[in-house]
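Okay, structure first, notes after.
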Amino acid sequence: MLAKRIIPCLDIKDGIVVKGKGFENLRQVGDPVKLAEKYCKEGADELVLLDISASAENRQAMPEVVRKVARQIFIPFTVGGGVKNSENINELLRAGADKVAINTAAVQNPGLISEAAGIFGSQCIVIAIDAKKEGDLWKVFVKGGKIPTQIDALEWAKNAERLGAGEILLTSIDNDGKGRGYDIELTKQVSESVKIPVIASGGAGTLKGIADVLIDGKADAALAASIFHYGKYSIADVKKYLQKKGVMVRI
Amino acid sequence: MICIVDCGTGNLSSIKNALDFLGASSKITSNPGEIQEARMIILPGVGAFGYFMGRLREKKLEIPIKKAISEGKPFLGICLGLQVLFEESQESKGVRGLGILKGRVMRFTQGKVPQIGWNKIIPTNPGIFEEGFAYYVNSYYAEPADRTLIAAVSNYYGDFPCAIRQGNITAVQFHPEKSGKYGLELMKRVLEC
């Protein structure tokens, strides 16, 4: 059976890896290629490179970052951030990305999912969903988690699957950057609503937090940034812990 | 020169990047002449069986590939590049594969399809395959008529053949170019064969 995946995420702003709290207060943490290589060596199963540059102009640096990463690391990686159309997707795939994550553009134009899946194949189309709890439901936020929509996150995940998404990258805005664990309930509900893999994101924090989202949250993969960037745990620490808990991981 | 056959589908540069990393010079090409001259052929592929075979025939690559294999040149098939070695696939009924090996390509009937992620490689024959994890993206797998050709299996709601060896032919269902250290080491051993 498939191993549960541990995915370090590199938030990249103007070509440099940064990580913020609740999507703000960005702090510089390093060179994307060096960090990607380091994580690959330590046993990362996959990487996510998210371009969080404020303007389209600054985003033009991304394909070059992707090309450099593709020459040095030999595990799959997903690239996202500011992806608007099939041309953007094509450019990133051609630069060497294995998958492309789409967020705001897919919410604004769900047809982009079916168009992109038709051209490039579902396996390389990841739909990123930023969700925030409101009452009993989770609402989808766009534009880097800043702009609320009235869309229900569960419904959106199901819709994305129906349109041809290959994977869901699900981020809890409430938990992101706080290090107190993932939103287990959100992850569980989305995982149980779709048949495509769900990557849990936002709030990793502790070894138990990661185990909980993979076991109770039923996620196929756990994404984390801060705990790895700041050396709180290594990928090996996480995997050893998961193995002890009976989770199948690639060691 | 190692020729990476370009059928216009898939991330061929990732295979070239891996070969560059290993210090092996290679070229991505769809030129039949270059394929005939190659010292080794790598046939990668993603997408649908029928579409891929169509492109292979349209680009007049079927004969040079078959000829190179019959001459004993080292050949590595990856993913769909393994499947098309066989006669037919459930994916594209009525389309002939290369038919170099007897058997057929079947669809997974259980679990999430495609299988996307890391699965364990369990060698069934002593040889170049070692136990470890490799990265997969596949909905189909090949069942060779001659079971002795199976070099390794993985388990996805049941065992399925994931690596085939026959003489100069090596073929894998997973992606060695995306399987980290395990994949690079395997590619190195294939290059040394």
Rounded to 0.05, the calculated FRET efficiency for the beta carbons of A:K84 and A:Q150 at R₀ = 22 Å is 0.50
Which of B:K93, B:K59, B:K16 moves the most in a Gaussian network model of chain B with Cα springs under 10 Å? B:K93
Once the Cα gyration tensor of the range B:95-191 is found, what semi-axes does its equivalent ellipsoid get, as square roots of 5 times the eigenvalues, in whole Å, sorted largest first? 19, 18, 12
Need one word for the range A:1-151: rounded, prolate or oblate. Basis is the Cα gyration tensor (sqrt eigenvalues a ≥ b ≥ c); a/c below 1.5 gives rounded, then a/b vs b/c decides. rounded
Students often get this wrong, so check it: of A:K188/A:K245; A:K34/A:K245; A:K4/A:K38; A:K240/B:K16; A:K68/B:K178; A:K68/B:K60, which have C-alpha atoms separated by over 22 Å? A:K34/A:K245; A:K240/B:K16; A:K68/B:K60
Let me know the charge dipole size of the range B:2-192 about its Cα centre in debye, to the nearest 20, where only the beta-carbon of Lys, Arg (+1) and Asp, Glu (-1) is charged. 240
Which whole-percent values make up P(r) of the range B:53-130 when all C-alpha to C-alpha distances are grouped in 10 Å steps starting at zero? 14, 41, 33, 12, 0
Here FRET efficiency (C-beta to C-beta, A:R67 to A:E42, R₀ 22 Å, nearest 0.05) is 0.45
Would you mind computing, in nm to one decimal, how far apart the modelled labels at A:K158 and A:S234 are, each placed 7 Å from Cα along Cα→Cβ? 4.5
More than 43 angstrom apart: percent of Cα pairs within the protein assembly as shown: 11
Taking R0 as 35 Å, what's the FRET efficiency between B:E71 and B:E185 from their Cβ-Cβ distance, rounded to 0.05? 0.80
Can you give the Rg/Rh ratio of the range B:2-192, where Rg is from the C-alpha atoms and Rh is the Kirkwood radius? 0.92
The range B:140-193: GluC sites (Glu not before Pro) in DSSP coil with no more than 15 other Cβ atoms inside 10 Å: none
Modelling each spin label as a point 7 Å along the Cα-to-Cβ direction, I'd like the B:E131/A:Q108 distance in nm, to one decimal. 5.2
Percent antiparallel among DSSP beta bridges confined to the protein assembly as shown, nearest 5, equals 45
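Read-outs: derived from the displayed coordinates by stated rules, not from any lab. These numbers come from a predicted model, not from an experiment. Heads up, the Cβs are rebuilt from the backbone with ideal geometry, glycines too, and the neighbour counts pull from every protein chain shown.
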